[in-house]
Amino acid sequence: MKRNEFTLKLKKFVDAPHVLGNKNEGWDCLNILDEFYRSIGKDFPEEYRGINKDNYIEKWRSGKGKDIYREFLLSLGSSVHPNYSIEGDLFVFDGAEAAFPGIYLGRGHLLMTFDKGVKVVPLKSIRKLYHLVDVRRLL
């Protein structure tokens with residue numbers, strides 16, 4: 001995919017609000033991945049260990065989905081060394097409460113969802129704050 005096509009696919013996410021489970025109003029850590037990867041023609045699972053787009057918010061709020069979400073992120077695609085990451089690779093970090101993803105934009109930046117919305121952030125800054133678990137390339 002050409003860089004300008006890639007940029008256009010991501011543009012609708014940048015600075016959008018963070019909203020759990022309603023992509024008509026904003027994005028969360030799962031629905032942004034689903035929307036982005038499907039928009040670039042990548043397979044994205046409908047279900048993982050009983051969690052799907054209809055029940056993931058309920059599972060997340062109950063605390064039952066956090067470990068499964070980490071497993072799910074690490075099941076996507078194949079592992080890639082961070083030095084060989086390319087645009088569109090999925091970075092998986094361990095946070096204080098759960099694992100969380102970032103979509104690599106190239107040039108040392110990630111697209112990530114935070115409580116304050118979807119932001120482009122420097123990879124260098126995030127790696128100072130959170131432990132990088134893996135980089136995944138969806139095939």
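We did not get these values from a lab; they are worked out from the coordinates using the rules stated. Please read all numbers here as calculations on a predicted model, not as lab measurements. Glycine gets a Cβ as well: all are built from the backbone with ideal geometry, and neighbour counts include every protein chain shown.
Please give the Cα centre distance for region 24-54 versus region 106-139, rounded to the nearest Å. Cα centroid to Cα centroid, the span is 17 Å. As a quick test, which of the pairs Lys23/Lys116; Lys11/Lys42; Lys23/Lys64; Lys53/Lys128 have an alpha carbon distance above 20 angstrom in this structure? Beyond 20 Å between Cα atoms: Lys23/Lys64; Lys53/Lys128.
Each Lys or Arg adds one and each Asp or Glu subtracts one; over the other residues with Cβ under 13 Å from the Cβ of Gly102, this totals 0. With Cα atoms as the point set, region 1-78 shows a radius of gyration and Dmax of 13.4, 41 Å.
Net length available on complete extension from Glu35 to Ser79 is 13.7 nm, with 0.36 nm assigned per residue and the Cα-Cα distance removed. Computed per residue of the chain from DSSP H runs no shorter than four, each worth -39500 (n - 2.57), the mean residue ellipticity at 222 nm is -8500 deg cm²/dmol. Arranged from fewest to most other beta-carbon atoms within 10 Å of their beta carbon, Lys23, Lys64, Lys116 become Lys116, Lys64, Lys23.
What FRET efficiency do you get for Ser125 and Asp54 if R0 is 30 Å and r is their Cβ-Cβ distance, rounded to the nearest 0.05? That pair, Ser125 with Asp54, gives E of 0.30.
By the count of neighbouring beta-carbon atoms within 10 Å, fewest first, Ile126, Ile40 end up ordered Ile40, Ile126.
For the pair Ile68 and Glu25, label points projected 7 Å from Cα toward Cβ lie 2.4 nm apart.
Placing dummy labels 7 Å off each Cα toward the beta-carbon, the span from Ala98 to Leu139 is 2.8 nm. With both residues required to sit in the chain, DSSP beta bridges show an antiparallel share near 95%.
One entry in [x] 0.95; [y] 0.92; [z] 1.01 is Rg/Rh (Cα atoms, Kirkwood Rh) calculated from the shown coordinates; its label is [y]. Residues Leu20, Leu129, ranked from the fewest to the most other C-beta atoms within 10 Å, line up as Leu129, Leu20.
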